[in-house]
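First comes the structure, then the notes that go with it.
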Amino acid sequence: MTDTTAVNRNPGGPAAGLRLSCSVPMRWGDMDAYGHINNVEILRILEEARIHAFGPPAGTGGEGLEVDLPVFSDLPAGTQALVVEHRVRYVRPLNYRNIPAHVEVWISALKAASLTIAYVVKDPVTLEECVKAETMLAFFNEGTGRLLRVTADHKERLAPYLGESNFP
């Protein structure tokens with residue numbers, strides 16, 4: 001993956017939010033019989049972009065690349081970031097290429113106990129939008145079995161990246 005950078009997609013306008021931009025490699029095995037990235041593999045690309053933008057969950061793996069918003073890597077011990085829901089709209093096929101797909105990531109909803117991450121996956125050559133998606137996450141304390149509220153610190157750090165939903 002290449003560097004994550006922040007891009008303002010709508011300067012000064014309503015729902016003006018920064019988007020994190022990253023590149024996610026397409027693997028040969030991600031391709032279906034038609035030469036497109038398989039729909040199931042799109043979820044892997046979304047996961048890679050999410051981790052690249054916000055960091056791996058605390059306690060997983062070793063030191064890795066630095067991220068702009070370490071939302072997941074600084075969670076308290078025993079906290080899990082769990083996927084509640086995925087929504088995916090396939091706008092056009094993402095053809096396999098031996099260069100990474102371009103993915104933009106931002107926050108489309110920030111609620112008391114959940115946040116929704118929005119994505120646009122673009123063809124790395126044509127820059128056409130191929131996939132629009134969202135993932136709702138909730139934080140869960142494995143010891144107590146309870147959902148955790150999104151902290152004020154996390155809300156403050158994520159606020160500049162709050163933008164419009166892909167599914168109004």
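Annotations for the structure displayed:
- Meets criteria (under 21 Å from I51 (Cα atoms) and either in contact with an Asp or Glu (Cβ under 9 Å, 6 or more places away or on another chain) or aliphatic (A, V, I, L, M) (or both)) for A118: yes
- Candidate set: the range 109-123, residues that are of a type outside the set (V, I, T) and crowded, with 21+ Cβ neighbours inside 10 Å; chosen: the one nearest to P25 (Cα to Cα): Y119
- The selection criterion, being in a loop (DSSP other than H, G, I, E, B), of a type in the set (V, I, T) and at pLDDT below 95, does not hold for V7.
- Wholly within the range 41-160, strands (runs of 3 or more DSSP E) carrying at least 3 residues that are aromatic (F, W, Y) and out of contact with any Pro (no Cβ under 6 Å at 6 or more places or on another chain): none
- Reported count of residues in the range 124-168, each being closer than 19 Å to V84 by Cβ, of a type in the set (D, E, K, R) and surrounded by fewer than 15 Cβ atoms within 10 Å (Cβ to Cβ), is 3.
The values are calculated or read from the model by the stated rules, or taken from the named source; none is laboratory data. These figures come from a predicted structure and were not determined experimentally. As a convention, Cβ positions derive from the backbone with ideal geometry for all residues, glycine included, and neighbour counts pool all protein chains shown.
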